[in-house]
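Structure first, commentary second.
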Amino acid sequence: MTQLSDPIDFTHGPSWRNRLTLAPLTNKQSNADGTLSEDEITWLTARARHGFGMVMTAAAYVAQPGKAWLGQLGISDDAHLPGLARLAGELRDAGAASIVQLQHGGSKANPEVSGEPLVAPYDDPATGARALTLAEIEQTVEAFAAAAARAERAGMDGVQLHGAHGYLLCEFLGERNTRTDGYGADIRGKARIIREAIEAVRAVTSSDFHLGLRLSTERFGLSTAEMAQLTAELLSEGRLDHLDLSLWDVTKLPEGADPGADPLLSHFVGLPRGTTRLGIAGKVMDGPSATAAMASGTDFIGIGRAAIADQHLAERILTDPTYPGPSFPVTTTQLRDNAVGDAFIEYFSKGWPQLVTG
Ligand SMILES: Cc1cc2nc3c(=O)[nH]c(=O)nc-3n(C[C@H](O)[C@H](O)[C@H](O)COP(=O)(O)O)c2cc1C
């Protein structure tokens, strides 16, 4: 059976030294212009120094209209390159592979922050978002590709397309996307922008550059059956180095399922994977839950909240499979002692008040 400490290799890009990865975590620590700050570099490099095989950045906006919050990391402009280059060097020196998560906020972007009108796959009266034109879809695909090329120029090992959590690519996959121009209606059409982004990224990056995709499997207007079908197809097409399922709890049942139903993950983990590696994330908090997640048949595990509270988490789990993980709630002092800066502490405390005290 695969162990947490086993290295993992890919068709493109460097191998990772183990199966534990830092999940993409928005931390709002970037400068107002999207350039990396000292606090954000400190937070990420600490997780690389303390054992994670791969460290992923927070969701980074690929185009100004997709910027979703103040303090978001940017990769839409060459002005973002110097910070990313420094981060890439520091993560490599610490022994971790480095990946930038590429995002467009879609109707969840923030016009007050971006200075641009909201766009989405469809008109959305609730947010005021306007449906993208065909030309704008093409520009968006190009923006993902340009961002990936920028990541490679900065020396990052790869990128992950953010297709989860209701942002633009996920909005395309949802039930509200009834476009009839080839970019909606059925799952083939709804996923077309993702396949075009994959090909566009491959066209502008080298054969050494890692490309992954994150998907949600339910909620956000998604059908789990369609997401399982899409996952099966993308795995068999073999264009991705990894596919990362954002489950929020790797052991959960599908939303609304009867007790005793098969876990959500069971709809995905048995699909033939070819050369694409499968990752999962959600409530892996300690040694036993990491070992159990690995035993479920995945290739790697993303960890979020426990790694915010404990910068040593990866190395502690790798050396002691019984490691109980950090106790929640954590204090703000503990967070500060674990290389979490003030902006991130504020965001984490507000978003997850039950996990932070004082
Ligand atoms: C503070 C915070 C920020 C997050 N930011 C992102 C993000 O930028 N991109 C993303 O895909 N997921 C994001 N997530 C989801 C995590 O990547 C992860 O999937 C989720 O937290 C479940 O893993 P965990 O139980 O180990 O925390 C975020 C989660 C948290 C708690």
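The values are calculated or read from the model by the stated rules, or taken from the named source; none is laboratory data. Bear in mind that the values here come from a model prediction, so they are computed numbers and not experimental data. Using ideal geometry, Cβ is built from the backbone for each residue, glycine included, and neighbour counts are taken over all protein chains shown.
Quick rundown of the values:
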read-out: Filter pass, THR217 being crowded, with 17+ Cβ neighbours inside 10 Å, within 14 Å of the ligand (Cβ to nearest atom) and within 18 Å of LYS190 (Cα to Cα); value: yes
read-out: Residue within region 220-237 that is modelled with pLDDT of 95 or more, among the charged types (D, E, K, R) and assigned to a loop (DSSP other than H, G, I, E, B) present; value: no
read-out: Single residue of THR298, THR276 found to be more than 15 Å from the ligand (Cβ to nearest atom), surrounded by 21 or more Cβ atoms within 10 Å (Cβ to Cβ) and within 21 Å of the chain's Cα centre (by Cα); value: THR276
read-out: Some residue of region 142-150 being in a loop (DSSP other than H, G, I, E, B) and at pLDDT 95 or above; value: no
read-out: Exclusive hit being surrounded by 21 or more Cβ atoms within 10 Å (Cβ to Cβ) and within 12 Å of the ligand (Cβ to nearest atom), set ASP241, ASP310, ASP249; value: ASP310
read-out: Number of positions in region 103-137 that are surrounded by fewer than 17 Cβ atoms within 10 Å (Cβ to Cβ) and either without any contact (Cβ under 8 Å) to a residue 40 or more places away in the chain or closer than 19 Å to ASP244 by Cβ (or both); value: 11
read-out: Residues being under 19 Å from ALA143 (Cβ atoms), in contact with a Phe, Trp or Tyr (Cβ under 8 Å, 6 or more places away or on another chain) and outside any loop (DSSP other than H, G, I, E, B) - total across region 174-203; value: 6
read-out: Residues of region 320-344 classified as in a loop (DSSP other than H, G, I, E, B), under 17 Å from ALA58 (Cβ atoms) and within 11 Å of the ligand (Cβ to nearest atom), total; value: 1
read-out: Counted residues, region 204-219 - those being in a strand (DSSP E or B) and either at pLDDT below 95 or in contact with a Leu (Cβ under 8 Å, 6 or more places away or on another chain) (or both); value: 6
read-out: Residue among THR26, THR35, THR42 that is under 24 Å from LEU278 (Cα atoms), surrounded by fewer than 24 Cβ atoms within 10 Å (Cβ to Cβ), in contact (Cβ under 8 Å) with a residue 40 or more places away in the chain and not acidic (Asp, Glu); value: THR26
read-out: Among (1) of a type outside the set (Phe, Trp, Tyr); (2) assigned to a helix (DSSP H, G or I); (3) within 11 Å of the ligand (Cβ to nearest atom) - the single one ILE317 does not satisfy; value: (3)
read-out: Pair list, Cβ < 6 Å and 6+ apart or interchain, from region 291-308 residues that are closer than 16 Å to THR251 by Cα and hydroxyl-bearing (Ser, Thr, Tyr) to residues that are away from the ligand (no atom under 14 Å from the Cβ) and not in a helix (DSSP H, G or I); value: THR291/PRO321; THR298/LEU278
read-out: Any hit, region 173-194, residues being of a type in the set (Phe, Trp, Tyr) and either closer than 14 Å to GLN101 by Cα or within 16 Å of the ligand (Cβ to nearest atom) (or both); value: no
